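Only one structure is covered here, and it is reproduced in the block below.
The values are calculated or read from the model by the stated rules, or taken from the named source; none is laboratory data. This one's a predicted model, so the numbers in the text were calculated from it and none came from an experiment. Cβ placement follows ideal geometry from the backbone for every residue including glycine, while neighbour counts extend to all protein chains displayed. Calculation scope for accessible area: heavy atoms of the full protein, side chains included, ligands and nucleic acids excluded. Shrake-Rupley method; radii C 1.70, N 1.55, O 1.52, S 1.80 Å.
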Amino acid sequence: EPEVTQTPSHQVTQMGQEVILRCVPISNHLYFYWYRQILGQKVEFLVSFYNNEISEKSEIFDDQFSVERPDGSNFTLKIRSTKLEDSAMYFCAGPSASGELFFGEGSRLTVL
Amino acid sequence: KNEVEQSPQNLTAQEGEFITINCSYSVGISALHWLQQHPGGGIVSLFMLSSGKKKHGRLIATINIQEKHSSLHITASHPRDSAVYICAARGPISNFGNEKLTFGTGTRLTIIP
């Protein structure tokens, strides 16, 4: 039973288009994280979301990125105008009460 | 900024061999995670540890806080253990407990029958 569900599993988009990736935690995680992994590279931190606001973001997380919690349970990562280099696997993750992290299955984004 | 180094990058072994993957980090952390990533890309958490040693089945994880070093061991390795194993350090330590993870580059393990 997954603790975290991500949609879509794979999205193909044209450069310049907006993309929204969604994440649903099973339990009520206070913290939430978005990470990305470009093919063949290591996983990189994008942004952490704590108590309904951004608590930390990396230099990758520029003005083209935004993160929201629109309805109190879902988390979304929006990329306003996608670039070729945004092609990657995007993971969301949330911690359990013990601190163990649960990752979603990932959303593979392909920008053409 | 935390630097996380893993070794080896690739490891091929025969079924039954004892496997060790090493991880070192550069700053104080609140916890060290060992993760497993399969070819489909999904990431599964194996261990989270902040001191000592943890065991789950054939997997053992240890951490030495003073030396900023952790190891993942697999006993009696099996082809189904073939995957990428990633260590990720949680920190630097903050008062809010929401430290981000800094990931190592991963170790690609292949177990040959």
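Within 10 Å of each Cβ in peptide B:44-50, how many partner chain Cβ atoms are there on average? Round it to a whole number, please.
Counting other chains' Cβ atoms within 10 Å and averaging over B:44-50 gives 3.
Got a sec to turn the phi values of region B:27-39 into Karplus ³J(HN,Hα) couplings, 6.51 cos²θ - 1.76 cosθ + 1.60 with θ = phi - 60°, whole Hz, x for Gly and Pro?
Ordered by residue, 3J(HN,Hα) equals 10, x, 10, 8, 6, 10, 9, 10, 10, 10, 10, 8, x Hz.
Each residue of region A:59-74 in order: what ³J(HN,Hα) in whole Hz does its phi give by Karplus 6.51 cos²θ - 1.76 cosθ + 1.60, θ = phi - 60°, with x for Gly and Pro?
For region A:59-74, the Karplus-derived couplings read 5, 5, 7, 8, 5, 6, 9, 8, 9, 9, 10, x, 10, x, 10, 6 Hz, x marking Gly and Pro.
When Lys and Arg each count +1 and Asp and Glu each count -1, what net charge do the other residues less than 12 Å away from A:Leu101, Cβ to Cβ, add up to? Write out the running numbers ahead of the final one.
Numbers: positive: B:Arg90, B:Lys100; negative: A:Glu3, A:Glu100, B:Glu99.
With Lys, Arg at +1 and Asp, Glu at -1, the net is -1.
What figure, in Å² to the nearest 10, do you get for the accessible area of A:Ile20 with a 1.4 Å probe and non-protein molecules left out?
50
With a cut-off of 8 Å between alpha carbons and a minimum separation of six or more residues, what is the relative contact order of chain B in percent? Mind dumping the intermediate values first?
Numbers: 291 pairs, mean separation 41.7, N = 113.
Here the relative contact order equals 37 percent.
If amide H atoms are built 1.01 Å from N in the plane of the peptide, which residues on other chains or at least 5 residues away come under 5 Å of the amide H of B:Val27?
Counting only residues 5 or more places away or on other chains, the set is B:Glu3.
Averaged over B:80-88, how many beta carbons belonging to a partner chain fall within 10 Å of each residue's beta carbon?
Other-chain Cβ atoms within 10 Å of each residue's Cβ, averaged: 1.
Hey, what's the Kirkwood Rh for chain A if you take every pair of different alpha carbons, in angstrom?
Details: mean 1/r = 0.0716 Å⁻¹.
Evaluated over chain A, this radius sits at 14.0 Å.
Whole-Hz ³J(HN,Hα) for each residue in region B:70-83, computed from phi via Karplus 6.51 cos²θ - 1.76 cosθ + 1.60 with θ = phi - 60°, x for glycine and proline: what do you get?
With coefficients 6.51, -1.76 and 1.60, one gets 9, 10, 10, 10, 10, 8, 6, 4, 9, x, 5, 6, 4, 4 Hz.
How much of the accessible area of the protein assembly as shown, probe 1.4 Å, is carbon plus sulfur, in whole percent? Could the numbers behind the result be given before it?
Working: 5440 of 10990 Å².
On the protein assembly as shown, the fraction of accessible area on carbon and sulfur atoms equals 49 percent.
Does region B:12-51 classify as rounded, prolate or oblate by the C-alpha gyration tensor (a ≥ b ≥ c root eigenvalues; a/c under 1.5 gives rounded; else a/b over b/c gives prolate, otherwise oblate)?
Because a/c hits 1.5 or more and a/b fails to exceed b/c, region B:12-51 counts as oblate.
Shape of chain B from its Cα gyration tensor (a ≥ b ≥ c, root eigenvalues): rounded if a/c is under 1.5, otherwise prolate when a/b > b/c, or oblate? Spell out each step's value before the answer.
Working: a/c = 2.06, a/b = 1.79, b/c = 1.15.
Since a/c reaches 1.5 and a/b is larger than b/c, the shape of chain B is classed as prolate.
Across peptide A:97-110, how many C-beta atoms of other chains are within 10 Å of each residue C-beta, on average?
Details: counts 0, 1, 7, 6, 9, 3, 6, 2, 4, 5, 1, 2, 0, 0.
Rounded to a whole number, the mean comes out at 3.
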